[in-house]
Structure formats: structure tokens, C-alpha cells
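The values are calculated or read from the model by the stated rules, or taken from the named source; none is laboratory data. Small disclaimer: the values here were computed from a predicted structure and weren't measured. Cβ atoms come from the backbone with ideal geometry, glycine included; neighbour counts cover every protein chain shown. Calculation scope for accessible area: heavy atoms of the full protein, side chains included, ligands and nucleic acids excluded. Shrake-Rupley method; radii C 1.70, N 1.55, O 1.52, S 1.80 Å.
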Amino acid sequence: MHASGEQSRTIRRGVEVRGIVQGVGFRPYVYRLATERCLSGLIRNTVAGVEIEVQGEAEAVVDFLERLPQEAPPLARITDLAVRDLACGHEESFRILVSQPGAEPRVLISPDVAICDDCLRELFDPADRRYRYPFINCTNCGPRYTILRGIPYDRARTSMNVFQMCAACRAEYEDPANRRFHAQPNACWDCGPKVDLRVSTGESMNAADPFAAAGAQIEAGAIVAVKGLGGFHLACDATNREAVARLRDRKRRVEKPFAVMAPSLQAIEAYCEVDEESRALLVRPERPIVLLRRKQHSDIADGVAPFNRYLGVFLPYTPGHHLLLAAVHSTALVMTSGNLSEEPIAIGNEEALDRLRGLADYFLLHNRDILLRSDDSVVRVANGRVRQLRRSRGYVPAPVFLHKEVPPILAVGGELKNTICLTRGSHAFLGQHIGDLENAESYRFFEEVVSHLQRILEIEPRVVAYDLHPDYFSTRWALRHPAVELVGVQHHHAHVAACMAENHLDGRVIGVALDGTGFGTDGKIWGGEILLAGYDGFERAAHLNYVPMPGGEKAIYEPWRMAVSYLQHHFGPAFLEFDIPFVRKLDRRKVVTLLRMTERGVNAPLTSSCGRLFDAVSALAGIRGQVNYEAQAAVELEMAMDGAEDGSAYPLALVETESGWEMGTRPLFEALLRDISEGASVSVISRRFHNGLVDVIARLATLLRERTNLNRVCLSGGTFQNAYLLEHLTGNLEARGFVVFTHGEVPAGDGGLSLGQAMIAAHRVSECS
Ligand SMILES: [Zn+2]
Ligand SMILES: [Zn+2]
């Protein structure tokens, strides 16, 4: 391949590598790669990544440079690699140089990583000195972000600082050729953290093998609180109906699905359909929870995910998980966040014993502190691509790479499924899933993440971006933030900008933002929006027609209210005579109260929400009049679809008004009511409704293209977690010649909002400066 004349020539090359290349075993990797090829030179950590110099026979150097990116450690992520010629030097060997103090910040911190194959083999090898040691790790695996107190990332600034390495561990830690070279959480039976099984009152059971003892209790039907990487899980046997029912009852979580941890891929294949992409996702070092279609018959208890055709499944990611799963015969454990419904996950031993008292029968504790809570991430494959639903443990704090430099900004996100975002250079750091900012615990968690991320990333934001909703906790927090520039961003504008940023777009796009709730610039609740948008601003080109949302927030949990509101809006009081099951079953007294509310406009804000339209259709179709978690009615409406496509769609009207197009839902409801009275199946109704939305949006996009020449469409907002809608709208738009952009790395829902806020704020401040 290479010019043979070069073979005997000695050359020296300098390589600058950027990306995630520190704390991921990159230096020992390069050391091995160089010494195997008899190259001399050096490697050191720099402010931006690592710097390498290699010298030796030309062919060996060229081979080194080729392999360098190809065989990099699994956790490394190289974003830039620049090679330059250097004059030859005189050193004999290849050396790892100590990084200069002050050269460490600006480095990307690795997320927490699942146990690697080498450590897993040692874990179950009776001859290994770490046989069954629950905290085995190396530079390729183990905790990072969740045990980090400050930077640079070294042992003194992690929660491992209280454990003194023994001589054997220290020797590994200091040997550049060892897999544990500078593995900060390195530990063993002699010197590291320990596990203890306690009863619910906190007393130790003094179990010789706490995992075996905990496993036995789980097999007997108990609920065990298990301290893991980013917090506690509540674990029970997923095939034990009674245990699952007891867990639901104690956790006060009525129907929201529980995630299930399986010992192996084969076990998962017994109860779920696993496609190629999902299989690859399940075994990735991030170990997310992957949503998979359930097989019809399995021994998983129905209570794990009632009324849901999907199951959230993941594989063990800590050595402790492996030891626990090896101790039970069940093919699946429920592993749900250790908290009461909607509170943040518990992380401290005392905290868990206190907050989870009454939820767990036993506590499997350990004495390595979790410094920052981090929930499991949730992903799914839809329309052939990986989609983040909840971006958290395993992904945070790896940055989202931007296509341009932006100033330091803090964006505080929305109210539900909150995340924050900090920017620096061409990196956007999204924090872990914080959840719904509606209780004191979540507020504290939010503030913790804001200050912790600023500290470890060394970002002092000049600008704080926030949602326009005056009552969001995050908004109020931002408005109290002293001495910075504040930028308010409209909710759906932020959604579209997040999609643009993730896809490295500039200029203007047709932005389709569909979700449940977002504060509009007219003070109304938006959610079925088509915007002509760029980072610099937006024009509201179209929206669903407004209807009252009787009872405000209450309507989110009682979809029947939206159904009544739509019927009243389109048909007046005559709807009470409609001969359909939904109307027949209505409680007339409640309806009268509700209609009085909408007439007087008291506690009945107007909304163009797409989520609420889904709710209304779901209620009318007889799926759900009440829900136990947000968007449940919409999820079950999507799930109701089975059987073949008949190509028909409920029509929506397009009316041009002074403020853009209005998507009128009256013809949709007329057709829907006709179907209901003719006894159409829920599946048919659901499909025609979905097709109707696809159709009207595609027609609108075409009209807007004629007017503006814009040909790029961004799809964003929580409604696009609906796989059918995502797939069919993308397909329809592409067939019309549009270039369609969707979310992958960043959630389409409110978890991605902060990224869009940051990008819009970045544009606004650079305009002004
Ligand atoms: Zn390892
Ligand atoms: Zn040791």
C-alpha cells in the first residue's frame, strides 16, 4: 500500500486528538499501539484532548496513524484528529507524560459505563483476585459522572477518595500497560467499598453473600431496594403477579409501565421482539432501557406494563446487577426507580432507608457514595433510527456536538421531563433527566444539577434562557437569577430549534411542533403548531383550532373533558342527544358544570394542543376517559392500531385566517362520530385519525413551500414519540420531495427543550454584541 522507498525512513508525526479521550483508557491504548510498533514518542493530556508524538519507521508510523481512530477504546469518541510533520527527536521509548496542572479543564467527562467483557469475565472467574467483587472496574468501564465531585477527574475528586488503594491495586493503577492504569475507581476486596443487606429497619442481616441472600428474598416475593450506579432501584420478580401488584400499590404508581432487567439477550427474546438495531442498543456500554414490542404470551406479569404493547427492557450494567441476576432463577426483574411516583430517585443510604421505608422489604446497600443521581435512560428504535425518550445515565454528560461555536449559556428547560443545557464552544451539554418540577425534591435536584454541571464543566454562563410560561418553576428560577442576560423562548420555537441544532441546520425551516402543552405568545396554550422558524425567530404559520380546556390541568388527567369540549365547540348542546356510548355514559351533572366553565371562560383556557386532541379522540373511541399518567390516552390510542391499512383518513379543514392557517377539526369529528355510530373498531378509528393528521400536515407543508420555497421540515415535540405518526408523516413528506429532519440523539419531547432554548439565546446574544 505504501511507497516502498519510505520503508526504512524514520519519521516523526504529531497528532492532536479531540473529543472524549480522557478517563476512557485512551493513553494506555495509545501506549500499547505505539510500543507494539516499536515507536518512540509521547502522549499527554491537553486542554482540548490529547497530544501524541510518534517516531519510528515510516511504515509503522503510517500504520499507527491508520489504526489510531479505528481501534480506539469503546468509550472514546474522537471528534477531531489533526496530524502534522515534526523533526525527529532522540528519545528511546514511548512515554506517558503527566498532564500539566491547569491543562485538564475543558476536557470532556465520560458518562458512567456498563461493566466491560474483561471485567465481567474476571468477576465470575474463581481464580481471579476480584472474583465476585461487586465494584470491579477498569479504564474501559465503571462509574464516572455519578461519583465525580470536581475536576480534573482523578481519584481525590471522586467518592472513591475515602478508600485507600492497596498495594496490588496501586501497582495496576500506576502501570501504563495495565487495563487499570489511572482507572480512578479501581478497587478490590481488600481495599474497596462493600455491600451489605439490611432489613427495612436498617439493621444488617450480616449475610456472607448479600447478593445470594437478596436474590433468595426476591424469589420469595419480596421487594428489595438496590443501590446501583445513579441511584436506587426497587427490584422484584417480574414474573410474580403478587409482588408486582404490591410494588404498584406501595409506589402509588397505578399503570405507568415498569422497566424490566433481564439476565441475557436470550431471556429478552422469550418475551419481546428484538430487531437488529434494538439488539445492538441493548448491549451498548450506555445500557439504556430499550422499548420493545412484547410477545403475546410470556411469563411476565401483566401488571408490569398494563395496556401496553411495549416493554422497557435493559441488561445488567453494574457488577452488582450481574451478581444479583445470577442469584435468581427468574428471567426478569422489575427494576424501577427507587422513589415514590414522580419524586427524584433516592441515592444516599440513610435517604433510601428513610424515603423508601414502606416500599422495600430489604435494602441492598453499599458504601460508595453516589454524588449525583442519574436515572436510567430510555430509548427506542422508530422509523429505522434510535430515538432518545429519556436521555440520562450513560449519555450524560457527553455533549451534543454543534455545528458552530456558541457563547456560554444556561438553558433551564421546561416544567415536565425537565433537563437543563449548558453550552461551551461547539458543545451543548444536556444534563440528566430531572423530571417534573412539581415537588420540593425535584426543585432541589434541579438546583443541584445546575450548580454541579457548571462546576465540573467550568462554565459560567453569561446568558440564561427560559420558557415563556410565567408559572414554570424553571422560569421563575431564571427570573431570579442575578447578573446575567435573560432570554425568554417560546416553547414550540425551542422544540424546532432543538431539532435544527441536532441536525446541524441553519437558516429557516418548516417546523412541525406537536405536543401537549406550551405557552403561546398570545397567552393561550399551544401544542398543534406549524412554524416557519430559524434560530432568529419564528412565524406561526398554522395551528389546530382553539377549544377550551375545561378545568385546565385537570383535563390532562381526565380526557373525557376534552371530548366534551370538542363536541360542544363543534356541535353545541345538541351533542348531548348523540346516540353513542361516550355520550350515553356521561355524568350529566358533571357535564353541566363543565359547560358552565367553558361558557364563562372560567378555568377553561383555550388550547390548540395536539396532545389534547389525541385525548379527546381516545375518550370518544372508548379507550380512556381518565388516565393515570400524562399522555396515557394518546399512547393507548396508538397501541389500539392493528390490522391492515385501509388508506382512509379523517379530514381536517384548512382555513386561512389573519394569523395563518387554522387546522379545523370539525370534519374530523363528524367523520369520527359517523364511524363510531356505524360500529367501526377502535383500531380503524385510531388509524384514520392518525392518517388525518399526517394528511393535513403534509398538505400544509406543501402550501407553505409554495409560498416560501422552504423545503426542509423539522418534526419535534412529545407527540413525535408516537412511532406511527413519525413514520407516516416522514414518509408522506418525503414522497412530496421534502427533506425531513427528526430527533435521534436528543428527545423530541420536553427533555430536548433546553437545547433549543440555548441555540435561540446564542443567536440573540451574538446579534446584539
Ligand atoms: Zn472493565
Ligand atoms: Zn485493592
Original post:
Among the lysines, which fall within straight-line cross-link reach of Lys256, defined as a Cα-Cα distance under 20 Å, with same-chain neighbours fewer than 8 residues apart omitted?
Top reply: Lys295, Lys417, Lys554
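In the chain, what percent of the accessible surface is made up of carbon and sulfur (1.4 Å probe, ligands and nucleic acids excluded)?
49 percent
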Original post:
Where only protein heavy atoms count, and the probe is 1.4 Å, what is the accessible area per residue for the stretch 230-283 in Å²?
Top reply: 41 Å²
**OP:** Any chance you could give the angle, 0 to 90 degrees and rounded to 10, that helix 753-768 forms with the longest Cα principal axis of the chain?
**Re:** 80 degrees
Original post:
Got a number for the accessible area of Leu468? Probe 1.4 Å, square angstrom, nearest 10.
Top reply: 60 Å²
Original post:
Relative to the present Cα-Cα distance, how much length would full extension add between Asp117 and Ala220 at 0.36 nm per residue of separation?
Top reply: 34.0 nm
Original post:
So if we plug the beta-carbon distance of Ser93 and Lys524 into 1/(1 + (r/R0)^6) with R0 = 60 Å, what FRET efficiency do we get, rounded to 0.05?
Top reply: 0.30
Subject >> Check: the stretch 310-436 dipole with +1 on Lys, Arg Cβ and -1 on Asp, Glu Cβ, in debye >> reply: 640 debye
Subject >> FRET efficiency estimate (nearest 0.05) - Cβ-Cβ, Ala326 to Val592, R0 51 angstrom >> reply: 0.25
**OP:** Report the residues of the stretch 218-250 in range of a label on Thr201: point 7 Å along Cα→C-beta, backbone N strictly under 20 Å from it.
**Re:** 222-225
Subject >> Solvent-accessible ranking of Asp63, Asp376, Asp299, largest area first, probe 1.4 Å >> reply: Asp299, Asp63, Asp376
Original post:
Residues with amide H under 5 Å of Val406's amide H, sequence separation 5 or more or different chain, H placed in the peptide plane at 1.01 Å from N; which?
Top reply: Gly425, Ser426, His427
Original post:
Rank Glu745, Glu276 by accessible area, highest first, at a 1.4 Å probe radius?
Top reply: Glu276, Glu745
Original post:
Hey, what number do you get for the chain at 222 nm if only DSSP H runs of n ≥ 4 count, each worth -39500 (n - 2.57), divided across all residues, to the nearest 500?
Top reply: -9500 deg cm²/dmol
**OP:** Evaluate the charge dipole of the chain about its Cα centre and quote only its size in Debye, nearest 20, assuming +1 on the Cβ of each Lys and Arg and -1 on the Cβ of each Asp and Glu.
**Re:** 860 debye
Original post:
In Å and whole numbers, how far do the C-alpha atoms of the chain stretch along each principal axis, longest first?
Top reply: 91, 63, 53
**OP:** Just subtract the alpha-carbon distance of Cys38 and Lys295 from 0.36 nm times their residue separation and send over the number in nm, one decimal.
**Re:** 87.1 nm
**OP:** Just report the Cα centroid separation between the stretch 243-278 and the stretch 596-637, whole Å.
**Re:** 28 Å
**OP:** Counting only C-alpha contacts under 8 Å and six or more residues apart, can you give the relative contact order of the stretch 319-430 as a whole percent?
**Re:** 15 percent
Subject >> Gap separating the Cα centres of the stretch 423-446 and the stretch 453-478, nearest whole Å >> reply: 9 Å
Original post:
What order do Ser565, Ser8 take when sorted by accessible area (1.4 Å probe), most exposed first?
Top reply: Ser8, Ser565
Original post:
To the nearest 10 degrees, how steeply does helix 26-36 sit against the main Cα axis of the chain, on a 0 to 90 scale?
Top reply: 50 degrees
Original post:
If one computes the Cα centroid of the stretch 339-409 and of the stretch 663-726, what distance in Å separates the two points?
Top reply: 34 Å
Original post:
Given a Förster distance of 45 angstrom, what is the FRET efficiency for Glu269 paired with Leu479, based on the Cβ-Cβ distance and rounded to 0.05?
Top reply: 0.30
Original post:
If ligands, DNA and RNA are left out, what is the accessible area of Cys166 with a 1.4 Å probe, given in Å² to the nearest 10?
Top reply: 30 Å²
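Taking Cα pairs under 8 Å and at least six residues apart, what relative contact order does the chain come out at, in percent?
11 percent.
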Subject >> Residue-level accessible surface for Ser766, protein heavy atoms, 1.4 Å, Å² >> reply: 70 Å²
**OP:** Compute the accessible area per residue over the stretch 605-738, keeping the other protein chains in place, probe 1.4 Å, unit Å².
**Re:** 36 Å²
Original post:
Roughly how tilted is helix 58-70, in degrees to the nearest 10 and between 0 and 90, from the longest Cα axis of the chain?
Top reply: 30 degrees
Original post:
How high is the relative contact order of the stretch 691-769, in percent, counting Cα pairs under 8 Å that sit 6 or more residues apart?
Top reply: 33 percent
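What number does the stretch 608-719 give for Rg over Rh if you use C-alpha atoms and the Kirkwood radius?
0.99
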**OP:** Report the one residue of Met165, Leu108, Gly56 whose Cα lies farthest in the direction of the positive end of the charge dipole of the stretch 19-171 (charges on C-beta: Lys and Arg +1, Asp and Glu -1; origin at the Cα centre).
**Re:** Met165
**OP:** With unit charges on the beta carbon (Lys/Arg positive, Asp/Glu negative), name the residue among Thr702, Ala465, Ser93 whose Cα is farthest towards the positive pole of the charge dipole of the chain.
**Re:** Ala465
Subject >> If the convex hull is drawn through the Cα atoms of the stretch 574-636, its volume per residue in Å³ >> reply: 106 Å³
